[in-house]
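The values are calculated or read from the model by the stated rules, or taken from the named source; none is laboratory data. Since the structure is predicted, the reported quantities are computational estimates derived from the model, not experimental observations. FYI the Cβ positions are ideal-geometry reconstructions off the backbone, even for glycines, and counts take in every protein chain you see.
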Amino acid sequence: MTVKIRDVVMVGAGPSALAAAVYTTREDIDTVLYEKGVVGGMAAITDKVDNYPGFAEGIEGLKLAEELQKQAERFGAEIEFGDVTELRDEGDHKVLVVDGEEVKARTVLIATGSDYNKINVPGEAEYYGRGVHYCATCDGAFYRDKKLAVVGGGNSAVQEAIFLTRFASHIDLLVRSEIKASEVLQHELKEFVHEGKITIHKGTTTEEILATDGKVSSVKVNQNGTEKEFKVDGVFVFVGLKPNTQFVEGTLDLDTSGLIKTDAMLETSMPGVFASGDVRSGATMQIASAVGEGASAALAIREYLNELKRKK
């Protein structure tokens with residue numbers, strides 16, 4: 001039996017892949033997307049997206065994901081649930097292993113995104129989107145004149161804590177050991193500490209996130225052996241990102257953070273395999289840019305497929 005070779009297999013079904021699928025399917029490029037979690041990715045589990053162009057009042061993350069899915073499917077994109085665990089190059093086509101079965105494709109788009117590292121304490125998962133957040137630019141504006149806790153001591157934690165001072169009345173920065181941000185950021189941080197906008201708590205381990213009536217109300221910590229509780233309206237966790245690239249380790253070129261390296265056309269080190277969105281090295285981790293990269297990747301895939309045809 002002849003195994004069908006798909007024009008393009010997209011790994012992941014977040015905003016970047018869904019946008020790419022709109023472009024490929026409109027040009028009659030046979031397209032299938034494999035998603036192992038939630039269609040829409042992290043956008044789908046974001047309470048409200050307030051910075052996506054075209055929605056003056058913002059839009060619920062789930063609603064945005066549903067609309068992107070409907071649009072892609074309207075043009076003929078197939079969305080399947082499956083876990084891709086392997087990618088191989090076999091010359092004129094690629095082989096992906098999906099739930100133990102081989103799928104062949106002329107081109108591949110990897111848009112598996114990144115996941116926020118978690119601190120894995122009680123209340124973190126339960127109150128995600130209801131007081132627990134991982135993106136200051138996405139959710140900071142919900143906390144005007146509110147008290148916040150920021151967990152982390154690296155560049156991202158300090159940078160995002162400073163950003164959140166635009167909205168919050170006060171921020172408790174909870175640092176496990178010492179501040180490890182760059183000297184420039186530490187110098188800037190001192191100004192906000194001096195102004196009373198941020199208080200740094202070193203040697204502090206977050207133990208539990210508590211809620212009242214379903215919304216975060218405080219956070220329990222252990223500071224140098226002493227238990228404390230801070231009354232806050234929200235907790236922002238910035239302890240790094242973990243790209244979903246485990247299945248291509250040793251197969252594609254990755255940067256030191258595990259993100260996929262691409263060229264200007266978003267092509268990876270394996271010809272015919274492209275990457276876009278939050279999984280790509282250099283990504284801005286924003287939905288709007290992920291969608292734009294998806295469109296760019298789709299156009300690059302079209303050119304790659306046209307070149308394959310010309311060679312035959």
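Conditions tested, residue by residue: (1) modelled with pLDDT of 95 or more; (2) touching a strand residue (DSSP E or B) at 6+ places or on another chain (Cβ under 7 Å); (3) within 16 Å of residue 171 (Cα to Cα).
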{"position": "207", "(1), (2), (3)": "yes, yes, no"}
{"position": "211", "(1), (2), (3)": "yes, yes, no"}
{"position": "216", "(1), (2), (3)": "yes, yes, yes"}
{"position": "222", "(1), (2), (3)": "yes, yes, no"}
{"position": "229", "(1), (2), (3)": "yes, yes, yes"}
{"position": "234", "(1), (2), (3)": "yes, yes, yes"}
{"position": "243", "(1), (2), (3)": "no, yes, no"}
{"position": "248", "(1), (2), (3)": "yes, yes, no"}
{"position": "252", "(1), (2), (3)": "yes, yes, no"}
Practice task
Examine the range 254-262 for a residue that is part of a loop (DSSP other than H, G, I, E, B), closer than 24 Å to residue 199 by Cα and in contact with an Asp or Glu (Cβ under 7 Å, 6 or more places away or on another chain), and state whether such a residue exists.
Solution key: no
Exercise for the section: Return a yes/no flag: does the range 198-207 have any residue that is touching a residue at least 40 places away in the same chain (Cβ under 8 Å), in the same structural domain as residue 265 (by TED's automatic domain parsing) and surrounded by fewer than 22 Cβ atoms within 10 Å (Cβ to Cβ). Expected result: no
Fill in the blank from the handout: Picking from 293, 249, 303, the residue that is buried (at least 21 other Cβ atoms within 10 Å of the Cβ) and charged (D, E, K, R) would be 293
Practice task
Consider residue 169 carefully, then state whether it is in contact with a Lys or Arg (Cβ under 8 Å, 6 or more places away or on another chain), touching a residue at least 24 places away in the same chain (Cβ under 8 Å), under 30 Å from residue 10 (Cα atoms) and not aliphatic (A, V, I, L, M).
Solution key: no
Fill in the blank from the handout: A careful count of residues in the range 158-185 that are among the β-branched types (Val, Ile, Thr) and part of a loop (DSSP other than H, G, I, E, B) gives 3
Problem - residue 95 touching a strand residue (DSSP E or B) at 6+ places or on another chain (Cβ under 6 Å) and touching a residue at least 40 places away in the same chain (Cβ under 8 Å) - result: no
